[in-house]
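The values are calculated or read from the model by the stated rules, or taken from the named source; none is laboratory data. Being a predicted model, the structure only gives us computed values, none of them experimental. With ideal geometry, Cβ positions are generated from the backbone for all residues, glycine too; neighbour counts draw on all protein chains shown. In case anyone asks, the SASA skips ligands and DNA or RNA and just uses the protein heavy atoms, side chains included. Shrake-Rupley method; radii C 1.70, N 1.55, O 1.52, S 1.80 Å.
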Amino acid sequence: GERNSTMTTASSTAANPLIAAGLQSLQQGDVKAAIKSFDGAIRENPKDVQGYLILGQTYMHLKDFNRAIDTFLVATRVAPDNGQAYYLLATNLGLAGNYTAARAQAEKSVEIFRRNKDENNFKRSVVLLQGLPATNQVQK
């Protein structure tokens, strides 16, 4: 189906009113309000990884890769078995040019998806891993 990248975790999080409000703000183009809502959801329930995943994807959409990386790093600590958190962390590290770290995180996501027999995400992670250069790009 047609889904916005920031909406990938929306269905499972609509139960959280702050996340629902944030998603609505995103649809209306009010990114600041959305980020405020997602931050609130995280403060309210710091053990729920969904808030971090949506907030990180919002930063990714804004091309604020460093904030996205920080957010996904916390997500991997909150939910060390969440392959999606490692996948998104790897993606943003790659976008930021840190390929060495990106490869390490992509490998973790591959391993988690393999262990969980999550075929589609496993394939996506393998493609990501194969697409990452072996050495870092020097940022000027």
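Those residues that are over 17 Å from ALA96 (Cβ atoms) and outside any helix (DSSP H, G or I), I need them from region 50-66; list them, please.
Across region 50-66, there are no qualifying residues.
Please work out if ALA79 is modelled with pLDDT of 95 or more and either among the acidic types (Asp, Glu) or surrounded by fewer than 23 Cβ atoms within 10 Å (Cβ to Cβ) (or both).
Here the answer is yes, as ALA79 does meet what is asked.
Applying the selection to region 123-138, what residues are assigned to a helix (DSSP H, G or I) and more than 14 Å from ASN82 (Cβ to Cβ)?
If the condition is that a residue be assigned to a helix (DSSP H, G or I) and more than 14 Å from ASN82 (Cβ to Cβ), then LYS123, ARG124, VAL126, VAL127, LEU128, LEU129, GLN130, GLY131 are the ones that fit.
Would you pick out the residues in region 105-118 that are surrounded by fewer than 14 Cβ atoms within 10 Å (Cβ to Cβ) and either within 14 Å of ASN82 (Cβ to Cβ) or aliphatic (A, V, I, L, M) (or both)?
Passing the criteria: ARG115, ASN116.
Take the residues in region 23-49 that are under 21 Å from ASN82 (Cβ atoms) and in a loop (DSSP other than H, G, I, E, B), then tell me which one is most open to solvent (accessible area, probe 1.4 Å).
LYS47
Being of a type in the set (Lys, Arg) and within 25 Å of ASP48 (Cβ to Cβ) is the requirement here; does ARG103 meet it?
no
Name every residue in region 41-77 that is under 22 Å from PRO17 (Cα atoms) and aromatic (Phe, Trp, Tyr), in order of residue number.
TYR52, TYR59, PHE72
Among the residues of region 102-122, count how many are more than 19 Å from GLN57 (Cβ to Cβ) and part of a helix (DSSP H, G or I).
9
When you go through SER109, SER125 one by one, which is the residue that is under 14 Å from PHE72 (Cα atoms) and under 16 Å from the mean Cα position of the chain (by Cα)?
Just a single option satisfies the conditions, and that option is SER109.
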